[in-house]
There are 2 protein chains.
Amino acid sequence: MASDSDGDTIFNLNEVDGLQVTQDKQAVLGGAVLGLAQDIDRLFAHWAQQFGAEERQFSPLVSAAQLNKLEYFKSFPHQVMFPVSLLPDDDNLNAFADDPISSDDALRLTETSPVHQCLAPAACFPVYMSMSGQDLPGTCFVTLRSTCFRKEESLTPLERQTAFTMREVVCVGAQGDVQEYLEQFKQIVVGFFERLSLPVVLERATDPFFNAPTNRKYIMQKVAPLKHEMVYDGHLAIGSINFHQSSFGETFDISCQGSEVFSGCVAFGIERWLFAFLGHFGTDTDSWPGFEDLVAG
Amino acid sequence: MASDSDGDTIFNLNEVDGLQVTQDKQAVLGGAVLGLAQDIDRLFAHWAQQFGAEERQFSPLVSAAQLNKLEYFKSFPHQVMFPVSLLPDDDNLNAFADDPISSDDALRLTETSPVHQCLAPAACFPVYMSMSGQDLPGTCFVTLRSTCFRKEESLTPLERQTAFTMREVVCVGAQGDVQEYLEQFKQIVVGFFERLSLPVVLERATDPFFNAPTNRKYIMQKVAPLKHEMVYDGHLAIGSINFHQSSFGETFDISCQGSEVFSGCVAFGIERWLFAFLGHFGTDTDSWPGFEDLVAG
């Protein structure tokens, strides 16, 4: 069962065509619900196209050294996840292979190899990293879709998953261009939510920083309107609009026509959009909007 | 530079439109090469459709308990990767946040949380797992595309990556149906390689088992023709055709119309197909086949 902000059941996951939930609370998409997820992503790609965004595809593994430059480990040590393997020593591998798992299904990992990468916690970091040291010829727009990974205290299929799918549309360039881009995208999504009567509102927000009160970046988010979330039904952030000022540009030594570079991104959590659509339109596939309905207007 | 089986350079990665290689040897796809990757995947989906395969989308996290039922940890402890997070205790997180990374860019992980999942080492395992305990109404076909993760001793962009993209087409059902399916798919891919004059041949193969000589599954693969690889230029497996006999059915208690269930899968490594196409057709985008050329005939 899925519930709204008052704890009321709004739809039954078992009644959604093509949706299956595994024993470890992961959502498997097929049939109609996979089609809806694809339509939703095509909607994002359609919006990205309006800005001439170039599609790119990155690995879900992100350099730890690069992420450290963003002070990511100081800010989100409770959420970051690492791709770990065993030390490739025969005795070590045999010790694991002989007794890999405990009675409560936790793995008994033996000695692990040095770790140099993280599982992508958000889609857009590799975009800025890929521009390291570059002087951009002009403001540029990139869109990408990635599997992202975050440790969560509790899991709910579609709403809160360890692994989830994020579509982002990123703008890097002159300050005015980035701010205008974010403003235009705000109008696009607000207009969309109004047209479909989806109960989603934009709210100022902060990221869930570790040791928030002493984190410089948290304080910046509190002071300036840097982050807005698209909040469904008063409780679930299905997307966000973020202005990074010049922080990524400075960290990765990016410039634009020789000048300081700014950046912003619009991020969508695809499984959470599915949740919002199912909550609002119900589980009857006949009442779901088609792709043409999504991009109309 | 990419090289062939004789060590000769066959194309320069830097000359491929839209291909970027990160400092940690990961391939970023954009522009023309992303279009080619998408066309190649559409070709696989086109083949899958000929068998009426249903598209599904699974999480890249796979239950360790389920994977253990396949004796996976005994067979591939050197390749399996785990999504690891830090124990969510303030002192533990602060200790990591204060000094997260060493001078050689290896993370200094503090105490980690119990691990119950693995990063998917292949796309198709979750398909069988999702059918656990079921009696199928008939032979069924599923296709899916997943990011997969394997620890490798050395990395080469496109050819050998820790994270890569696998498209699979899976058949689960009656023995005769599965065997006929694999035979038909063999003819499809062999016909394709011939038509495009791609230097790819089907070869009997075994998986890279740990402690191979004593592994029952390795011995089965050696004795019976269970696995064929699509080998490009004599050295790179870009896909495989696999007959699992009744092993997945037995492990996960699946039946088909009350009878023993068999399974087989055809797997394609999308980055490796890109490598083969670039090696064969070169880096001039004008000489690349279009989607209509791929599905013709």
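All of the numbers you see were taken from the coordinates with simple rules; none came from a lab. A quick note: this is a predicted structure, and the numbers were derived from the prediction, not measured. Don't worry about glycine lacking a Cβ; one is built from the backbone with ideal geometry, like all the others, and counts go over all protein chains shown.
The table for this structure:
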| quantity | calculated |
| --- | --- |
| ³J(HN,Hα) computed for each position of region B:176-189 - Karplus, 6.51 cos²θ - 1.76 cosθ + 1.60, integer Hz, glycine/proline x | x, 4, 5, 5, 5, 4, 5, 5, 5, 5, 4, 5, 4, 6 |
| Two-decimal ratio, the protein assembly as shown, of alpha-carbon radius of gyration to 2.2 N^0.38 Å | 0.96 |
| Debye log10 I(q)/I(0) for region A:156-297, one point scatterer per Cα, at q = 0.17 Å⁻¹ | -1.04 |
| Loop sites in region B:92-198: trypsin sites (Lys or Arg not before Pro), DSSP, at most 15 other Cβ within 10 Å | B:Arg108 |
| Per-copy distances of the B:Glu111 label point, shortest first, in nm (7 angstrom along Cα→Cβ) | 2.2 |
| For the axis carrying chain A to chain B: nearest C-beta residue of A, whole Å | A:Val84, 2 |
| Extent along principal axes [Cα atoms of chain B; Å; largest to smallest] | 62, 54, 36 |
| Lys/Arg +1, Asp/Glu -1 at C-beta; chain B dipole; positive extreme among B:Leu34, B:Pro208, B:Val115 | B:Pro208 |
| Selection of GluC sites (Glu not before Pro), region A:127-187, meeting DSSP coil and at most 16 other Cβ within 10 Å | A:Glu152, A:Glu153 |
| 13 Å beta-carbon shell around B:Glu260, net charge (K/R +1, D/E -1) | -4 |
| Cross-link reach list, lysines versus B:Lys222, counting only Cα pairs under 21 Å and skipping chain neighbours closer than eight places | B:Lys74, B:Lys186 |
| Filtered chymotrypsin sites (Phe, Trp or Tyr not before Pro), region B:240-297: DSSP coil and at most 14 other beta carbons within 10 Å | none |
| Average beta-carbon neighbours from other chains, 10 Å sphere, peptide B:52-58 | 5 |
